[in-house]
Amino acid sequence: MKTLDADVIVVGGGVAGLACGKCLHEGSVPFLILEASGRIGGRLKTDPVEGFLLDHGFQVLQTAYPEAQRTLNYRSLDLRPFAPGAVVRLRGRFYRVADPLRGPRFALDTLFAPVGTLGDKMRVLRLVRRLCRMNADDLFRQREYSALDFLRREGFSERIIEAFFKPFFGGVCLDPEIHASSRVLQYVFWILAHGDAALPSQGIDSIPAQLASQMPEGCIRTHMRVKKIDAGQLVLENGEKLTCRAVVVATEGPEAARILGIGKPSGSRGVCCLYYAASEPPIQDKLIVLNGEGTGPISNLSVVSNVAPAYAPPGQALVAVTVVTVPDDCQEDPETLESAVRNQLRDWYGQQTRRWRLLKTYRIRHGLPLQRPPTPDPTRVDPRVRRGIYVCGEYRSVPSIQWAMLSGRRAAEAYMKDSGMKQTTDDARH
Ligand SMILES: Cc1cc2nc3c(=O)[nH]c(=O)nc-3n(C[C@H](O)[C@H](O)[C@H](O)COP(=O)(O)OP(=O)(O)OC[C@H]3O[C@@H](n4cnc5c(N)ncnc54)[C@H](O)[C@@H]3O)c2cc1C
């Protein structure tokens with residue numbers, strides 16, 4: 001009989017697969033992680049380019065993510081927080097807004113900003129207070145609507161929906177019309193009320209790197225694309241066959257559906273991120289800038305180096321521009337998109353932008369899965385597919401680093417439980 005290559009083989013080296021591997025390692029289960037590409041991290045990758053650090057699409061770690069708190073060492077990630085709040089571009093001007101409890105220095109700015117009515121601002125406060133009295137379980141037991149319907153039911157005006165909620169939550173879910181779940185919207189506000197949006201000082205890929213550093217040598221193999229699971233064997237694209245007791249599929253949703261031959265993938269939301277080198281930062285704030293005007297390609301912008309200085313070489317600034325909806329005439333032509341972005345940047349920040357240098361454009365076709373209600377309660381998703389086959393990944397719950405990592409741990413724990421092992425971790429729900 002052929003000896004096993006490992007007890008468990010995890011397919012995919014994103015944060016879900018790595019969190020699964022970490023938990024298996026802690027349970028002394030021999031495992032292998034097979035990653036199709038040349039490096040681990042999945043959607044959390046960083047490229048060093050001319051002394052800048054470019055994450056594959058602008059993204060942040062929310063420090064209040066319970067699973068991140070449990071799994072990661074924040075101190076060695078050297079997290080750099082954004083200031084709570086945002087700058088909203090509206091009617092040709094910029095306005096700072098923040099929850100006055102978290103960003104009191106912007107309280108007056110917030111009060112007088114034309115980003116919604118006074119009633120809207122009170123409604124935001126009441127909503128955040130209400131959410132703070134709940135735990136995450138409660139959030140996912142609430143009635144679910146599309147975020148847009150929920151905001152209207154809560155009495156928010158169209159003005160604040162257009163100027164704030166669409167650019168903000170549309171950027172989080174990569175869904176500009178905010179049809180994503182009201183539970184996810186509330187979860188995002190809940191998380192923001194309990195912590196900071198932050199960047200590891202040396203790039204977002206420090207997160208998967210930290211997870212990988214805790215595993216024994218040789219248990220992660222790159223350039224290993226799994227083609228199929230066949231009669232208890234994993235067949236790789238290069239023809240190699242591996243055997244194991246159990247498989248955990250930790251790929252993106254569409255690929256998991258292909259490998260397992262189950263379910264239809266929910267569809268994908270793409271995103272485009274353009275990075276510019278500037279000799280001067282256009283703003284000094286550590287705040288994200290939202291496009292509240294509803295025109296032009298830019299969804300949001302951030303001077304990343306204001307928050308994490310190591311993202312740019314000394315004396316330079318790194319500006320990340322996110323485009324959620326790529327205009328039709330720019331779909332196939334990156335230069336047309338860049339020129340549309342530049343026009344808008346010039347409108348926002350004037351002639352200085354002429355000297356900004358485009359460093360790189362990331363076009364990510366599967367940024368996030370499409371998120372429409374119903375959203376399964378992520379705390380109750382079962383990782384078991386069939387005997388010996390488990391699945392994890394953010395797409396079966398709420399797409400984010402939190403749920404990707406939690407789903408990875410839960411798949412490992414399910415395997416250990418099914419094989420009669422004593423569970424090494426408590427089955428904390430978040
Ligand atoms: C632009 C952008 C912004 C984001 N912003 C945030 C944010 O601010 N906060 C937040 O929490 N989340 C954010 N996210 C979401 C977050 O990045 C993802 O939810 C998370 O990284 C998903 O991890 P995963 O391990 O489930 O999947 P992935 O990271 O996609 O990992 C899957 C891995 O499987 C590998 N693979 C695929 N097929 C095979 C195969 N056949 N064989 C072997 N390996 C295979 C892939 O190469 C990949 O490495 C953002 C995502 C993007 C793209």
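The values are calculated or read from the model by the stated rules, or taken from the named source; none is laboratory data. The shown structure was predicted, so the numbers you read here are calculated from the model rather than taken from an experiment. A quick note on method: Cβ atoms are made from the backbone with ideal geometry, for glycine too, and the neighbour counts reach across all protein chains shown.
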Practice item. Scan region 320-329 and give yes if some residue there is modelled with pLDDT of 95 or more, at positive phi and not in a helix (DSSP H, G or I), otherwise no. Key: no
Exercise for review: Kindly indicate which of SER400, SER419, SER339 is more than 19 Å from LYS264 (Cβ to Cβ), within 10 Å of the ligand (Cβ to nearest atom) and hydroxyl-bearing (Ser, Thr, Tyr).
Suggested key: SER400
Exercise for review: Grab the strands (runs of 3 or more DSSP E) fully contained in region 22-89, keeping just those with 2 or more residues being more than 10 Å from the ligand (Cβ to nearest atom) and surrounded by fewer than 23 Cβ atoms within 10 Å (Cβ to Cβ).
Suggested key: 46-49, 79-81
Practice item. Quickly run through region 198-224 and pick out the residues that are polar (S, T, N, Q) and touching a helix residue (DSSP H, G or I) at 6+ places or on another chain (Cβ under 8 Å). Key: SER201, GLN202, SER206, GLN210, GLN214
Check your understanding: What is the number of the single condition among (1) within 15 Å of the ligand (Cβ to nearest atom); (2) closer than 30 Å to ILE160 by Cα that LEU318 does not meet?
Key -> (1)
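Among what's in region 139-154 and is assigned to a helix (DSSP H, G or I) and charged (D, E, K, R), pick the residue that is surrounded by the fewest Cβ atoms within 10 Å (Cβ to Cβ). Steps first, please.
We begin by selecting, within region 139-154, every residue assigned to a helix (DSSP H, G or I); these are 139, 147-153.
When the remaining residues are screened for being charged (D, E, K, R), the result is 149, 152-153.
Details: ASP149: 14, ARG152: 14, ARG153: 11.
That would be ARG153.
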Practice item. Report whether or not LEU370 is modelled with pLDDT under 90, surrounded by 15 or more Cβ atoms within 10 Å (Cβ to Cβ) and farther than 19 Å from PHE189 by Cα. Key: yes
Exercise for review: Tell me, yes or no, whether region 192-207 has at least one residue that is farther than 24 Å from LYS286 by Cβ and either away from the ligand (no atom under 11 Å from the Cβ) or not in a strand (DSSP E or B) (or both).
Suggested key: no
Review point. Considering only region 48-73, how many residues are over 15 Å from SER302 (Cα atoms) and more than 17 Å from the chain's Cα centre (by Cα)?
Key: 6
Review point. Among (1) modelled with pLDDT under 80; (2) within 16 Å of the ligand (Cβ to nearest atom), which single condition is ASP377 missing?
Key: (2)
Review point. Just for region 380-397: of the residues that are part of a strand (DSSP E or B) and buried (at least 24 other Cβ atoms within 10 Å of the Cβ), which one is farthest from the ligand (Cβ to nearest atom)?
Key: TYR390
Exercise for review: Among the residues of region 168-180, write down those that are in contact (Cβ under 8 Å) with a residue 60 or more places away in the chain and either assigned to a helix (DSSP H, G or I) or buried (at least 23 other Cβ atoms within 10 Å of the Cβ) (or both).
Suggested key: PHE168, GLY170, GLY171, CYS173, LEU174, ASP175, ALA180
